[in-house]
1. Compute the distance in nm between two label points, each set 7 Å from the Cα along the Cα-to-Cβ direction, one at residue 49 and one at residue 88.
2. For residue 87, what is the net charge nearby, where nearby means another residue's Cβ is under 14 Å from its Cβ and Lys, Arg count +1, Asp, Glu -1?
3. Once label points are set 7 Å from the Cα along Cα→Cβ at both residue 199 and residue 112, what is their separation, rounded to one decimal in nm?
4. Can you give me the distance in nm between label points at residue 135 and residue 148, each placed 7 Å from the Cα along the Cα-to-Cβ direction?
5. Taking the Cα centroid of segment 21-80 and of segment 131-204, what is the distance between the two, rounded to the nearest whole Å?
6. At a Förster radius of 41 Å, what calculated FRET efficiency corresponds to the Cβ-Cβ distance of residue 120 and residue 58, to the nearest 0.05?
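Only the coordinates and a few stated rules stand behind these numbers; no lab work does. All figures in this text were calculated on a predicted structure; none of them were measured in a lab. As a convention, Cβ positions derive from the backbone with ideal geometry for all residues, glycine included, and neighbour counts pool all protein chains shown.
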Amino acid sequence: MLEKNYQEKSSFGKKNLNFENIWNTVDLGICVLDIVNHGSEFCVVGFNAEFAKISPVKIEYLLGKTLTEAFPLEIACSYSRYCTECLQSGRTVYFEQHFQSDDKDTYFLSVVPLKDYSLHISQLLITATNITREIKFRQFIENVTDLVYSIAPDGTFTYLSPQFTEVWGYDIPEFLGKSFATIVHSEDLPNLNEFFHHILDTAQ
């Protein structure tokens, strides 16, 4: 009966959160938790296909179960700790830990508070993002000898490889979020601006 009730609540929860159009189309694991007994427990009331695929527990054991009932003790305690922190702070909490699914990909998790119309936290949303490619990319970038960087459309640095310090002699945190113009000679700026605008306009 409990599981049936939570299945019904799960369907309602998806509609209530306007997830019906994107629930199973995003490349992101999503799991919705109800807050039980004033936050002493958290119960799984919904999840999308991506979360079901990466879950360390078979999906038939998840729906309608509390974290303690659904997961091994170590995982349940870890999830509950972050859920409690999210509930008490009212802010998104990011997991410091990663877990690996059967396909050996690594995921980064967060807990997001969902508020009702009276601004009370009514549910929690767990998201799981696959960061395997990012980890491999960073491992590759940080071991190449060339300077590698990424720049936002407004011209500010969003990533600088360790070689930046070797080439320019500056600490990386000093330049993250700053414009590339700060390290380019003024006479070279017009040509460089034209080059970047060409990339933005043509993606080439």
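1. 3.9
2. Working: positive: 81, 91, 115; negative: 34, 41, 85, 116.
Net charge in that neighbourhood comes out at -1.
3. Here the modelled spin labels are 2.9 nm apart.
4. For the pair residue 135/residue 148, the computed spacing is 1.7 nm.
5. So the separation of the two Cα centres works out to 39 Å.
6. Numbers: r = 33 Å, r/R0 = 0.80.
Efficiency for this residue pair is about 0.80.
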